[in-house]
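**Student:** I have a structure I would like to understand better, so I am pasting it below and will then ask my questions one at a time.
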Amino acid sequence: MSPERYAESWTRKDLVGIADLSPTEIGVILDTAESFVEVSQRQIKKVPTLRGRTVLNLFFEASTRTRSSFELAEKRLSADSLNFSGSGSALSKGETLMDTARNLEAMSPDLVVVRHQHPGVPHMLAKRLDSGIINAGDGAHEHPTQALLDAFTIRRAKGRLDGLRVAIIGDIEHSRVVRSNIHLLTKMGAEVVIAGPRTLVPLHGESLGVEVTHDLDAALEGADVVMMLRVQLERHQRALFPSVREYFRLFGLTEARLKRAKDDVIVMHPGPMNRGVEIDSAVADGPFSVILDQVANGVSVRMAVLFLLMAVRTETP
Amino acid sequence: MSGKSTGDRRSVLLQGARIVDPSQGLDEAADLLLRDGSVAAIGSNLKAEGAETVDVTGKVLVPGLIDGRAHLGEPGYEHRETLDSGLQAAAAGGFTAVVATADTAPVVDQRALVEMITRQADRLGWARLYPTATVTKGMAGSELSEVGELTAAGAVALSDGETPIANAALLRRALMYASHFGVPILHRAADLQLESDGVMHEGHWSTRLGLPGSTSVSERSIVARDLFLAEEAGGRLHVAPVTVGGALDQIRAAKEAGLQVSCDTTLHHLLLTDEAVHSSTFSTATRVSPPLRSEQDVEALKKGLQDGTIDMIVTDHRPFHADEKEDVQFSVAPPGVVGLETLVSLSLDRLVKAGIIDLARWVELLSCAPARIFGLPGGSLEVGRPGDVTVLDLDAEVTVDPSTFRSQGRSTPFAGWTATGAAVGTFVGGRRVDLPQRT
């Protein structure tokens with residue numbers, strides 16, 4: 001199936017978050033991604049779709065996997081990509097955000113993939129730049145392509161999103177992955193429960209339209225999907241939890257505890273994992289784990305996003 | 001350049017207006033005669049030999065408005081605001097006086113600085129300036145400033161500005177010591193440890209936007225502490241500002257119990273909620289301190305305006321250079337917005353026209369109360385009081401356009417808002433303030 005036919009129903013210049021997307025738009029991205037899976041399975045994993053187009057990967061915050069995934073997606077679409085990272089460039093030399101924006105403007109890339117430690121940065125850039133902006137994570141706000149690849153992975157495993165019970169466990173407070181996933185899953189009709197120690201779950205979590213619990217077993221009960229989040233080990237220094245040992249005992253996912261979930265549960269993790277902290281190796285490497293599928297699907301989803309945003313630019317020069 | 005050179009001995013007769021002055025229970029059509037810098041008469045069909053007559057038919061005259069808190073930048077932050085630009089902004093916005101904060105560089109903790117700022121403002125003549133001095137030397141939160149010297153030089157209040165006094169023993173002593181001189185201590189009630197890295201009000205919107213939240217318990221707990229301290233120490237505590245419903249309730253109860261406490265709130269805390277961070281897509285013009293609060297807090301504040309718990313509305317005018325405020329992302333933008341040129345129109349429209357308070361109460365909040373709290377000669381049009389008058393046109397249609405501001409600061413969350421009602425002129429010390437054409 002050719003991806004071109006999906007491009008007709010896409011009109012956005014940027015992808016800054018899931019919050020603004022309609023279920024239809026989410027569907028368009030997921031369907032487009034489906035059509036790119038085949039490319040990654042070829043011997044020569046490259047199509048000329050974005051030849052002559054420039055994509056700037058602007059990472060103000062360290063990232064290995066998201067950046068690699070975007071780069072790979074760009075390369076498979078034959079785009080010219082350029083990497084700017086936070087350390088060792090002007091980005092860390094006290095330049096204001098708008099100066100960075102003006103510099104980018106002067107280089108006029110077609111698309112800018114941006115990761116920043118502060119919420120709202122991609123949104124500000126999207127407002128001021130003609131280039132298309134893709135949010136690759138802004139603080140604890142959104143990480144739309146992660147949520148999309150998660151949804152893509154769930155849909156491939158379960159055939160649907162609506163009606164599923166999805167448990168998201170761990171450091172909810174500091175997670176952009178959770179926020180984008182909550183937007184996406186609730187828009188698509190899934191039921192979301194979030195769980196973690198009270199110090200790592202926002203006080204106003206319910207206001208996001210999800211169920212909140214502080215009991216791992218209650219969260220796992222009847223779950224179709226279990227999403228484990230990475231725990232930042234240094235958080236215990238701010239008295240958010242007392243020790244890694246205690247965290248694992250209370251919120252670590254083990255095979256025994258996973259039994260409360262549905263028999264055909266899938267276990268996900270956005271990575272990088274802390275084995276023995278939030279997830280036991282037996283689960284991470286076990287039969288229910290789709291963690292590596294997520295990584296592979298990430299490339300297809302990002303190819304789809306790059307493709308759709310670029311198609312908009314082609315229509316309106 | 002300033003109207004002051006024309007001399008104060010002239011008489012001005014303002015004819016045909018409605019005069020609203022709650023200090024003398026006045027709301028009627030009358031003429032107002034200003035002579036020798038003061039109010040000389042109020043009455044119908046006043047005649048004054050040799051007086052310049054000004055036709056203000058259809059307008060409303062009120063005692064000159066006083067902004068209880070504005071950051072004017074000078075000395076030290078002239079790239080943000082100067083006394084010239086700030087006081088022109090005040091006059092353009094309808095204020096005849098401004099209580100200036102002490103958080104300049106150097107901070108106002110010495111007599112010479114109080115005098116220098118006051119003299120400079122007098123020379124400009126756009127509006128009166130009443131300086132605030134710091135509670136502690138260098139605003140460092142350890143040693144008391146020379147309160148006697150500073151108040152003798154003209155400081156009308158003490159404040160360490162945005163920096164809360166964490167040390168309760170110090171605030172207790174400051175309240176005791178300041179009571180010798182009758183000046184209020186304006187305290188920003190906040191617990192910075194509790195607020196931690198918060199950049200907006202903690203609630204649904206901070207949760208959704210992934211921005212570190214600042215719990216309203218910070219304000220509530222420090223207001224509770226401060227009220228206990230004031231109850232024992234005496235002195236005059238002024239909560240600057242109150243933004244949380246729960247804190248307001250405590251102040252209300254303390255006032256009912258007879259404690260000498262006062263408080264203010266800002267216009268942006270009355271007209272906006274934390275949702276504005278979202279709807280403005282992280283605009284740094286919604287980054288203020290204390291942060292914009294919840295809808296319930298805003299409702300509580302409006303009740304506080306109605307029942308008298310809130311004494312004043314202030315601008316908390318806080319200009320920044322665009323490089324530091326508008327060219328950066330929300331989380332790192334310094335908190336604060338300008339307000340001198342928007343408060344009158346927006347409050348007339350959103351508070352008075354909207355029926356939340358009446359015009360007399362509005363005048364009380366913006367003129368009588370600040371005069372009373374800071375011990376200023378204005379705040380009333382009684383005969384013999386200073387000839388400080390603000391002229392209002394309640395029918396003027398206004399659209400907020402930051403590019404027309406006289407303030408050097410442009411960051412306002414109200415850009416593009418429309419309102420009915422505006423200040424169309426001011427008189428200070430009996431003379432009309434004529435601002436130069438904007439260049």
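The values are calculated or read from the model by the stated rules, or taken from the named source; none is laboratory data. All of these numbers come straight from a predicted model, not from anything done at the bench. Here Cβ is always computed from backbone atoms with ideal geometry, including for glycine, and neighbour counts include all displayed protein chains. Only protein heavy atoms, including side chains, enter the accessible area calculation; ligands, DNA and RNA are left aside. Shrake-Rupley method; radii C 1.70, N 1.55, O 1.52, S 1.80 Å.
**Student:** Could you give the dipole magnitude of chain B about its Cα centre, charging the beta-carbon of Lys and Arg +1 and that of Asp and Glu -1, in debye to the nearest 20?
**Tutor:** Roughly 600 debye, rounded to the nearest 20.
**Student:** In a Debye calculation with equal point scatterers on the alpha-carbon sites of region B:21-110 and no solvent, what is log10 I(q)/I(0) at q = 0.13, 0.17, 0.23 Å⁻¹?
**Tutor:** Normalising to I(0) and taking log10 leaves -0.63, -0.84, -1.15.
**Student:** Suppose R0 equals 56 Å. What FRET efficiency, 1/(1 + (r/R0)^6) with r the Cβ-Cβ distance, do A:Ala106 and A:Lys259 give to the nearest 0.05?
**Tutor:** E between A:Ala106 and A:Lys259, to the nearest 0.05, is 0.45.
**Student:** Looking at A:Met124, A:Gln43, A:Tyr6, which one has the Cα that reaches farthest to the positive end of the dipole of chain A (charges on Cβ: Lys, Arg +1; Asp, Glu -1)?
**Tutor:** Toward the positive end, the furthest listed residue is A:Gln43.
**Student:** Where both partners of a DSSP beta bridge lie in region B:84-238, what percent of those bridges are antiparallel, to the nearest 5?
**Tutor:** Here the share of antiparallel DSSP bridges comes out near 10 percent.
**Student:** With an 8 Å Cα cut-off and a minimum separation of 6 or more residues, compute the relative contact order for region B:65-374 in percent.
**Tutor:** With pairs under 8 Å counted, the relative contact order is 18 percent.
**Student:** Still on this model: What is the spread of the Cα atoms of region A:227-302 along each of their three principal axes, largest first, in whole Å?
**Tutor:** Principal extents (Cα only, largest first): 38, 31, 16 Å.
**Student:** Quick check: net charge around A:Phe36, other residues with Cβ under 14 Å of its Cβ, Lys/Arg +1 and Asp/Glu -1?
**Tutor:** +3
**Student:** Using the charge dipole of region B:104-262 (Lys, Arg: +1 at Cβ; Asp, Glu: -1 at Cβ; taken about the Cα centre), state which of B:Ala127, B:Leu227, B:Ser142 has its Cα farthest towards the positive end.
**Tutor:** Comparing the listed Cα positions along the dipole, B:Ala127 ranks first.
**Student:** Give me the distance between the Cα centres of region B:227-246 and region B:62-109, rounded to whole Å.
**Tutor:** Distance between centres, Cα-based: 24 Å.
**Student:** Can I ask one more? Identify, among A:Phe70, A:Gln232, B:Gly355, the residue whose Cα sits farthest towards the positive end of the charge dipole of the protein assembly as shown, taking +1 on the Cβ of Lys and Arg and -1 on the Cβ of Asp and Glu, with the dipole about the Cα centre.
**Tutor:** Projecting each Cα onto the dipole axis, the largest value belongs to A:Phe70.
**Student:** Counting only other chains, what is the mean number of Cβ atoms within 10 angstrom of the Cβ of each residue in peptide B:200-208?
**Tutor:** Partner-chain Cβ atoms within 10 Å, mean over residues of B:200-208: 5.
**Student:** Taking only the C-alpha atoms, wrap a convex hull around region A:126-173 and report its volume per residue in Å³ as a whole number.
**Tutor:** 121
**Student:** Something else: Can you pull out the GluC sites (Glu not before Pro) in region B:33-119 whose DSSP state is coil and whose Cβ has at most 11 other Cβ atoms within 10 Å?
**Tutor:** B:Glu49
**Student:** Averaged across the residues of A:192-202, what count of C-beta atoms belonging to other chains lies within 10 Å of each residue's C-beta?
**Tutor:** Taking the mean over all residues of the peptide, I get 1.
**Student:** Restricting to lysines 8 or more places apart or on different chains, can you count the pairs in chain B with Cα atoms under 30 Å from each other?
**Tutor:** So the count works out to 13.
**Student:** Next up: I'd like the carbon and sulfur percentage of the solvent accessible area for chain B, probe radius 1.4 Å, heavy atoms only, ligands and nucleic acids excluded.
**Tutor:** Reported share for carbon and sulfur atoms: 47 percent.
**Student:** Specify the inter-centroid distance of region B:168-191 and region B:410-439, based on alpha-carbon positions, in whole Å.
**Tutor:** First find each Cα centre; the distance between them is then 34 Å.
**Student:** With +1 assigned to the C-beta of every Lys and Arg and -1 to the C-beta of every Asp and Glu, and no other charges, what is the dipole magnitude of chain A about the Cα centre in debye, to the nearest 20?
**Tutor:** The calculated dipole for chain A is roughly 580 debye.
**Student:** Under a 5 Å amide H to amide H cut-off, with H placed in plane at 1.01 Å, what residues pair with B:Thr53 once short-range neighbours are removed?
**Tutor:** HN-HN under 5 Å from B:Thr53: B:Leu13.
**Student:** Here is a follow-up. Among B:386-398, A:58-70, how do they line up by average Cβ neighbours within 10 Å per residue, starting with the highest?
**Tutor:** Highest mean packing first, the order is B:386-398, A:58-70.
**Student:** Before I look further, what does the protein assembly as shown give for accessible area per residue, probe 1.4 Å, in whole square angstrom?
**Tutor:** I get 38 Å² per residue for this part.
**Student:** Give me the distance between the Cα centres of region A:237-262 and region A:14-92, rounded to whole Å.
**Tutor:** 33
**Student:** Ok, one more. Report, in cubic angstrom per residue, the convex hull volume of the C-alpha atoms of the protein assembly as shown.
**Tutor:** Each residue corresponds to 171 Å³ of Cα convex hull volume.
**Student:** Percent antiparallel among DSSP beta bridges with both residues in chain A, to the nearest 5?
**Tutor:** DSSP beta bridges in chain A are roughly 5 percent antiparallel.
**Student:** Estimate for me the total accessible surface buried between chains B and A (protein heavy atoms, probe 1.4 Å, no ligands or nucleic acids), in Å² to the nearest 100.
**Tutor:** Roughly 1800 Å².
**Student:** Moving on to the next point. Using only the Cα atoms of region A:14-54, each taken as one equal point scatterer with no solvent, compute I(q) by the Debye sum, divide by I(0), and report log10 of the ratio at q = 0.14, 0.27 Å⁻¹.
**Tutor:** At q = 0.14, 0.27 Å⁻¹ the computed log10 ratios are -0.48, -0.94.
**Student:** Give me the one-decimal Kirkwood hydrodynamic radius in Å for region A:1-131, with the sum taken over alpha-carbon pairs.
**Tutor:** When all Cα pairs of region A:1-131 are included, the Kirkwood radius is 16.1 Å.
**Student:** Then there is this: Can you give me the angle between helix B:295-307 and the longest principal axis of chain B, using Cα atoms only, in degrees from 0 to 90, rounded to the nearest 10?
**Tutor:** 40
**Student:** Report ³J(HN,Hα) in whole Hz for each residue of region A:190-205, in order, from the Karplus equation J = 6.51 cos²θ - 1.76 cosθ + 1.60 where θ = phi - 60°; Gly and Pro get x.
**Tutor:** Result, rounded to whole Hz: 7, 9, 10, 10, 10, 8, x, x, 4, 6, 10, 10, x, 4, 10, x.
**Student:** Let me spell out the model: positive unit charges on the Cβ of Lys and Arg, negative unit charges on the Cβ of Asp and Glu, origin at the Cα centre of the protein assembly as shown. What dipole size does that give, in debye rounded to 20?
**Tutor:** Computed about the Cα centre, the dipole is about 1240 debye.
**Student:** Another question, if that's okay. Over the alpha-carbon set of chain A, divide Rg by the Kirkwood Rh and report the Rg/Rh ratio to two decimals.
**Tutor:** My calculation puts Rg/Rh at 0.97.
**Student:** Project the alpha carbons of region B:327-367 onto their principal axes and report the range along each, largest first, in whole Å.
**Tutor:** 41, 20, 14
**Student:** Follow-up. Specify, per residue and in Å³, the volume enclosed by the convex hull of the alpha carbon atoms belonging to region B:65-374.
**Tutor:** Here the figure is 113 Å³ per residue.
**Student:** Would you work out if region A:134-233 is rounded, prolate or oblate? Take a ≥ b ≥ c from the square roots of the eigenvalues of the alpha-carbon gyration tensor; rounded if a/c is under 1.5, else prolate when a/b is larger than b/c, oblate otherwise.
**Tutor:** oblate
**Student:** Within 10 Å of each Cβ in peptide A:120-133, how many partner chain Cβ atoms are there on average? Round it to a whole number, please.
**Tutor:** If you average over the peptide's residues, the count of other-chain Cβ atoms is 3.
**Student:** A follow-up question, please. Kindly provide the Kirkwood hydrodynamic radius of region B:207-287 in Å, to one decimal, from all pairs of distinct alpha carbon atoms.
**Tutor:** 14.2
**Student:** Let me ask another. For region B:65-374, what proportion of DSSP beta bridges, expressed in % and rounded to the nearest 5, is antiparallel?
**Tutor:** 5
**Student:** Same structure, new question: Enumerate the whole-percent occupancy of each 5 Å bin, from 0 to the last occupied one, for all C-alpha pair distances of region B:69-205.
**Tutor:** Calculated P(r), rounded to whole percents: 2, 11, 20, 20, 17, 14, 10, 6, 1, 0.
**Student:** Estimate the FRET efficiency between B:Arg225 and B:Asp55 by the formula 1/(1 + (r/R0)^6), using the beta-carbon distance for r and 45 Å for R0, to the nearest 0.05.
**Tutor:** The pair B:Arg225/B:Asp55 has a calculated efficiency of 0.25.
**Student:** Now for a separate question. Tell me the carbon and sulfur percent of the accessible area for region A:205-260, rounded to whole percent, probe radius 1.4 Å.
**Tutor:** That share works out to 49 percent.
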